[in-house]
Amino acid sequence: MTAASNNSGALARLRVLDLSRVLAGPWSGQLLADLGADVVKIERPESGDDTRSWGPPWLRDVEGQETSEAAYYLCANRNKRSVTADLNHPDGRRIVQRLAAGADVVIENFKVDGLRQYGLDYESLKRDNQRLIYCSITGFGQTGPYAARPGYDFLIQGMGGLMDLTGLPDGANGGGPVKVGVALVDVMTGLYATVAILSALAHRERSGHGQHIDLALLDVQVATLANQASNFLVGGQRPQRLGNAHPNIVPYQDFPTADGHMIIAVGNDRQFVKLCAVLDRPAWSADARFAANPQRVANRDVLVELMRGVTVTRMTDAWVSAMDAAGVPCGPINSVERVFENPQVRSRGTRIEMDHPLGGVVPLVANPIRLSATPVAYRFAPPVLGQHTEDVLQSWLGVDSSELAALRASRAV
């Protein structure tokens, strides 16, 4: 898929200055860019975003040779334009300040007050741009006893309770806390940041004023404990790790098959009746221990052991086919490779390809948002470092060729 030359996205004409790096901030910037915003990514000259060096794997060019673009960086920077500017150089700082004066949104994930020394904090920038929406993403927020601490996804998964809920129970073979296999807190924070930015834009339409957004990874992690937090707050007991089982629903976990494992996710008593029929154990649905979900939760160990004795007798695909036909939620546990081979994933166009200046073509994961009137457009592949410095400084600031040459000569950009 080639980059679209026009921009009719929902957020077209919105200017976003992305001062963030790694994942949470860039994830929000990419989402805004996918929706049509003109997102300019400010990066350090020569090195750029930290994730540019987080390889292998690296994107390969048409001859199969590794390029300088790490796969990690590519996942969160589509549809952006890259500008290099040295914040330690006075002219570099002034360039970014001028860009911020004409921006609608700034996203940053420096430490608390980390941009104040450059005159790029919210209070400094809003003097020249009262309509600016300024989103600060930190580990612990702008206030509180931990505000000055650095925060990383892995750390926050532990501190925020997610790891204590993930993994097998203590005492079980392989038991103990486990982190989620992707930087989920960063991703969720990027999504919350986007919601907050869009809310602030709606408020600005009514009031004419921007505002500061204070978003913390720890706050997001605690908020997204969801039903587990509610279980604790309402029930008063610490939730326990259950491996792949669900604390409130049974059966809702993985089960062994003749050739591997599958997931059965029964959400109500009607589905349980259908499940018992597929398993050729209809009497279970009338058994007082299992007839209703509260009883199944109370007798979890008994029911699960009975079910395991049946599920191991057939192959995964056979069970999935039979349960699908009966309306019982069931599915395999796919590797990432099998995910992209899945017919539903393929039919939804979840894998895309974009032209890339170094790699020829870069494979990426599509944006999952489907808008009927303003669909996501894939305009730019994740940019190489400084790829759009000249274009942006000319189009946003009117910088001419002589000024640009002077900025390059001084290494400000």
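The values are calculated or read from the model by the stated rules, or taken from the named source; none is laboratory data. From a predicted model like this one, the values you see are computed outputs, not experimental measurements. As a convention, Cβ positions derive from the backbone with ideal geometry for all residues, glycine included, and neighbour counts pool all protein chains shown. Just so you know, the surface numbers come from the protein's heavy atoms only, side chains and all, with ligands and any DNA or RNA stripped out. Shrake-Rupley method; radii C 1.70, N 1.55, O 1.52, S 1.80 Å.
A few points about this structure:
- Share of carbon and sulfur in the accessible heavy-atom surface of segment 251-303 [1.4 Å probe, %]: 53 percent
- Among (i) 67, 56, 36; (ii) 83, 52, 42; (iii) 82, 49, 41, the entry derived from the coordinates for Cα extents along the principal axes in Å: (ii)
- Among 382, 357, 230 - extreme Cα towards positive end, dipole of the chain, charges at beta-carbon: 230
- Between 0 and 90°, nearest 10: helix 90-101 axis offset from the chain longest Cα axis: 60 degrees
- The angle between the Cα long axis of helix 24-34 and the longest principal axis of the Cα atoms of the chain comes to about 80 degrees, rounded to the nearest 10.
- Once the Cβ-Cβ distance of residue 242 and residue 65 is raised to the sixth power relative to R0 = 35 Å, the FRET efficiency obtained is 0.15.
- Between the beta carbons of residue 287 and residue 205, assuming R0 = 41 Å, the FRET efficiency works out to 0.10 to the nearest 0.05.
- Rolling a 1.4 Å probe over the protein heavy atoms leaves residue 315 with an accessible area of roughly 100 Å².
- Taking label points 7 Å from Cα along the Cα-to-Cβ direction, residue 180 and residue 336 give a separation of 1.6 nm.
- Atom-type composition of the exposed protein surface of segment 113-217 places 56 percent of the accessible area on carbon and sulfur (1.4 angstrom probe).
- Using a Gaussian network model of the chain in which every pair of alpha carbons under 10 angstrom is joined by a spring, one finds that among 285, 20, 402 the greatest mean-square fluctuation is at 402.
- Environment charge of residue 91, counting only residues whose C-beta is closer than 12 Å and scoring Lys/Arg +1, Asp/Glu -1: +3
- Net charge of Cβ neighbours under 15 Å - reference residue 350; Lys, Arg +1; Asp, Glu -1: +2
- Per-residue ³J(HN,Hα) for segment 308-318, Karplus 6.51 cos²θ - 1.76 cosθ + 1.60, θ = phi - 60°, Hz, x for Gly and Pro: 4, x, 8, 5, 6, 8, 9, 6, 4, 4, 5
- Rolling a 1.4 Å probe across the protein heavy atoms gives the chain an accessible surface of 49 Å² per residue.
- Computed lengthening from residue 46 to residue 410, 0.36 nm per intervening residue step minus Cα-Cα distance: 129.7 nm
- Positive-end extreme of charge dipole, the chain - chosen from 345, 181, 159 (charges on Cβ): 159
- Nearest-20 debye value, segment 117-214 charge dipole, Cβ charges on Lys, Arg, Asp, Glu: 320 debye
- Accessible carbon and sulfur surface of segment 317-413 relative to its total accessible area, %, 1.4 Å: 52 percent
- Accessible surface comparison of 337, 66, probe 1.4 Å, protein chains only, largest first: the order is 337, 66.
- If you sort 54, 396 by accessible surface, 1.4 Å probe, largest first, the order is 54, 396.
- Only Cα pairs under 8 Å and 6+ residues apart enter the sum, and on that basis the relative contact order of the chain stands at 22 percent.
- Label-point gap, in nm, between residue 345 and residue 325 - each point 7 angstrom along Cα→Cβ: 2.6 nm
- Once both labels are positioned 7 Å from their Cα atoms along Cα-to-Cβ, the gap between residue 268 and residue 305 label points is 3.2 nm.
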